[in-house]
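Undergrad: Have a look at this one before I ask anything.
Just so you know, all these numbers are worked out from the coordinates, no wet-lab data involved. Note that this is a predicted model, so its numbers are computed, not measured. With ideal geometry, Cβ positions are generated from the backbone for all residues, glycine too; neighbour counts draw on all protein chains shown.
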Amino acid sequence: MSEDIIHVNEPLTSRKIMELLETYPDLKKITCPVSLYNRTSPKYIDVLNELGIVVESKAGKGRPKKYSDKDAFLIKKMLNEGKTPKEISQEMKIPIKSVYYLNKDLNLKRGRKSKYSKNMHIKVKDLAKKGVSRKVISKKLDIPLRTVYYILKK
């Protein structure tokens, strides 16, 4: 920005205005966030207008996005290709937390994937509904008893 236009993120008080006028003698325009502009006294804005200094609100300020829409699209594409969030994180050199954040709509679940397929889960639940004991299910399907309890708890 040139010295005749500045952006402030602090409330425009009489002290702040004097400080700005001393620091920037050729000041023509002051921009500030909308929320700050709404809290600024109309008297201060009128006085600055009389001095030939325009005060206006500027939307769109704030922290810029770290990752673009292109990055989010690329992550979604890689997930659809079957890559894990960890692999994507390593390949794109971004934190795994960002991979999850950029894919809020995909309902990714954190943590390890189940060692057993969905079909195995269904078999365990069906056998349990039929009244087969947990121990028999474990032996019949050759999975640990603890896993049987875990699957039925879900």
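Undergrad: Relative to the longest principal axis of the C-alpha atoms of the chain, give the angle of the C-alpha long axis of helix 118-129, reported between 0 and 90° and rounded to the nearest 10°.
TA: With both axes taken from Cα atoms, the answer is about 60 degrees.
Undergrad: To the nearest 10 degrees, how steeply does helix 69-80 sit against the main Cα axis of the chain, on a 0 to 90 scale?
TA: Between the helix axis and the principal axis of the chain, the angle is about 0 degrees.
Undergrad: Among the lysines, which fall within straight-line cross-link reach of residue 123, defined as a Cα-Cα distance under 21 Å, with same-chain neighbours fewer than 8 residues apart omitted?
TA: The qualifying lysines are 113, 115, 135, 139, 140, 153, 154.
Undergrad: If you take the Cα Rg of the stretch 5-57 and divide it by 2.2 N^0.38 Å, with N the number of residues, what do you get?
TA: Scaled against compact globular proteins, the figure is 0.98.
Undergrad: Something else about it: Can you give the direction-averaged projected area of the convex hull of the alpha-carbon atoms in the stretch 18-154, in nm²?
TA: Taking a quarter of the hull surface, the average projection is 15.5 nm².
Undergrad: Then there's this: List the GluC sites (Glu not before Pro) within the stretch 12-117 that fall in a DSSP loop (any state other than H, G, I, E or B) and whose Cβ has at most 11 other Cβ atoms within 10 Å.
TA: Taking the stretch 12-117 and a limit of 11 other Cβ atoms within 10 Å, the loop GluC sites (Glu not before Pro) found are 81.
Undergrad: Which chymotrypsin sites (Phe, Trp or Tyr not before Pro) from the stretch 1-94 combine a DSSP loop assignment with at most 16 other Cβ atoms within 10 Å? Display every interim value, and only then the final one.
TA: Working: sites: 37, 44, 67, 73; in loops: 67.
Passing sites in the stretch 1-94 are 67.
Undergrad: For residue 100 paired with residue 86, estimate the spin-label separation in nm (one decimal), with each label point 7 Å from Cα along the Cα-to-Cβ line.
TA: Simple spin-label model gives 1.4 nm for this pair.
Undergrad: Evaluate the relative contact order of the chain (contact order divided by residue number), counting alpha-carbon pairs under 8 angstrom at least 6 apart; express in whole percent.
TA: Details: 111 pairs, mean separation 20.4, N = 154.
Over the chain, the number comes to 13 percent.
Undergrad: Can I ask one more? Considering amide H positions built from the backbone, and no H for Pro or chain starts, which residues 5 or more places from residue 58, or on another chain, come under 5 Å of its amide H?
TA: 32, 34
Undergrad: Could you name the lysines whose alpha carbon sits less than 25 Å from that of residue 29, not counting residues in the same chain fewer than 8 places away?
TA: Of all the lysines, those that pass the test against residue 29 - Cα under 25 Å, at least 8 places apart if same chain - are 16, 43, 58, 61.
Undergrad: At a threshold of 8 angstrom on Cα-Cα distance, excluding pairs fewer than six apart, so keeping six or more, what relative contact order does the stretch 5-57 reach in percent? Kindly include the intermediate steps, with their values, before the conclusion.
TA: Numbers: 57 pairs, mean separation 22.9, N = 53.
That works out to 43 percent.
Undergrad: If you don't mind, there's one more thing I want to ask. Near residue 77, which aspartates and glutamates are there with a Cα under 20 Å away, not counting those fewer than 8 places off in the same chain?
TA: Leaving aside aspartates and glutamates fewer than 8 places away in the same chain, those within reach of residue 77 are 69, 87, 91, 105.
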